[in-house]
Amino acid sequence: MTTTAFTDIAWLTTHDPAHALPAGVDAAASGVGRHGAEVSRGLADAWLVVDSGRVAAVGTGSTPPTDQRVSLGGRSVLPGFVDSHTHMVFAGDRSAEFTARMAGQPYAAGGIATTIGATRSAMDEDLRAALAGRVAEARAAGITTLEIKSGYAATPEGESRLLRLAREVTPHTTYLGAHVVPPEHAADPAGYVSLVTGEMLDACAPLSGSVDVFCEEGAFDADQSREVLRAGMAKGLAGRVHANQLGEGPGVRLAVELGCASADHCTYLAGEDVEALAGASTVATLLPATDFSTRQAYPDGRRLVDAGATVALATNCNPGSSYTTSMSFVIALAVRDCHLTLPEAVWSATAGGARSLGVDDVGHLRVGARADMVVLDAPSPDHLAYRPGVPLIAATVVGGDVVAGDVGAGPLG
Ligand code: NIG
């Protein structure tokens, strides 16, 4: 097996508690330490050795002998982004909805039915090609681990088709039959919930690692959501909830009550929601690109971290409320508008996402981790928010292989 040393790394974010904070970062003032001892720790002027797709060693000073050496010329390296919430398998375009929102229309759950219509009538090859394009875009944006939900078919055959397509590109698939009640079941929502917890679940559970429900006015209420989650979790799936996206409601508390892996959105939280998340194993996943695209208030990430909640960041890539694959954009919003510190935002976009997905060998670059990395065309990850909108991802590395960009580019411009 070939060993490769990546050298000349200005700052290597490892999230190893034994390593240092970046120069100039004061633990108390930056929020580091409140979110976890490993947040943003790393090494200056570092190297990293990859063997068989895993991090074999990290350090400073002279590089150990390896088969290959790749100089990163003063760039910084961080763990690959872990995007723990996307709806990437769909057909159709809803840009007109976005345009209308920017002219004053509110976002409503009902738009999902538009995508259900387009997705149901799309051929497998078309869905597969569109998905491949989005995955390539995500890779170029530094995403190395990706969750994908179903949710745009709302029939047993349709939802299982979307999960099969998603499984072609990621092992992290989520059954979201309870996205919205489709038009043909509008007169009998209870009947639709029975379908979701019965025949549809039977078809989809073998293709999924998680079950999700949109617990919101216009989608599913607390009792319906509980039924969906309990049925899925009884089949061994991890629970996830689209919670408190459009207003305060029962979603977050339900997620904590049932021991779900994540409560996603968390935009409108009452004090009791924050208390429930503080200390719970349920990860609070913020999706601020959604709040940008729906022109809503942003979630208060600071309040969650200070209360002791574990916070993840994800893109929520979908055609209705957040059509982006840019984790850099999400980090910039989380820092500016959700009031996370930069080290915390980087942790949440990497290790936080890994916590949500229940995987422990990604989201950090400690020895033994999968060698999934973002090579940043900047001397530190702070530039992700400091230089918003600038394409700073020089290369994305998965299991030691470059899957997007170019690691061998010359020195920083
Ligand atoms: O997370 N809220 C539910 N699902 C998506 C939106 C899907 C859509 O509008 O098509 C979300 O924002």
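The values are calculated or read from the model by the stated rules, or taken from the named source; none is laboratory data. All values derive from a computational prediction rather than experimental measurement. In this analysis, Cβ positions are derived from the backbone assuming ideal geometry, glycine residues included, and neighbour counts consider all displayed protein chains.
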TODO: Look through the range 328-339, keep the residues that are away from the ligand (no atom under 16 Å from the Cβ) and assigned to a helix (DSSP H, G or I), and return whichever of them is farthest from the chain's Cα centre (by Cα).
DONE: R336
TODO: Scan the range 43-86 residue by residue and report those that are surrounded by fewer than 17 Cβ atoms within 10 Å (Cβ to Cβ) and part of a loop (DSSP other than H, G, I, E, B).
DONE: S52, G53, G61, S62, P64, P65, D67
Open item on the list: For the range 1-42, which positions are farther than 26 Å from D67 by Cα and assigned to a strand (DSSP E or B)?
Closed with: A20
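Just to be sure before I move on: is V180 buried (at least 17 other Cβ atoms within 10 Å of the Cβ), touching a residue at least 40 places away in the same chain (Cβ under 8 Å), farther than 30 Å from G400 by Cα and within 14 Å of the ligand (Cβ to nearest atom) in the structure I sent?
yes
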Task: Scope the range 347-384; condition crowded, with 24+ Cβ neighbours inside 10 Å and β-branched (V, I, T); matching residues - done: T350, V374, V375
Task: Hits in the range 130-161 (condition: closer than 28 Å to G389 by Cβ, part of a helix (DSSP H, G or I) and of a type outside the set (K, R)) - done: A130, L131, A132, G133, V135, A136, E137, A138, A140
Open item on the list: Show the residue pairs meeting these rules: Cβ distance below 7 Å; 6+ apart or different chains; first residue within the range 329-349 and not assigned by TED's automatic domain parsing to the domain that holds V374; second residue surrounded by 24 or more Cβ atoms within 10 Å (Cβ to Cβ) and of a type in the set (F, W, Y).
Closed with: A349/F81
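Let me confirm something: among S262, S293, S281, which residue is buried (at least 18 other Cβ atoms within 10 Å of the Cβ), within 15 Å of G353 (Cα to Cα) and of a type in the set (S, T, Y)? Steps first, answer last, please.
Values: S293 fails: within 15 Å of G353 (Cα to Cα); S281 fails: buried (at least 18 other Cβ atoms within 10 Å of the Cβ).
Within the list S262, S293, S281, the selection yields S262.
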Open item on the list: So, V211, is that one in contact with a helix residue (DSSP H, G or I) (Cβ under 6 Å, 6 or more places away or on another chain), assigned by TED's automatic domain parsing to the domain that holds D273 and over 28 Å from G133 (Cα atoms) or not?
Closed with: no
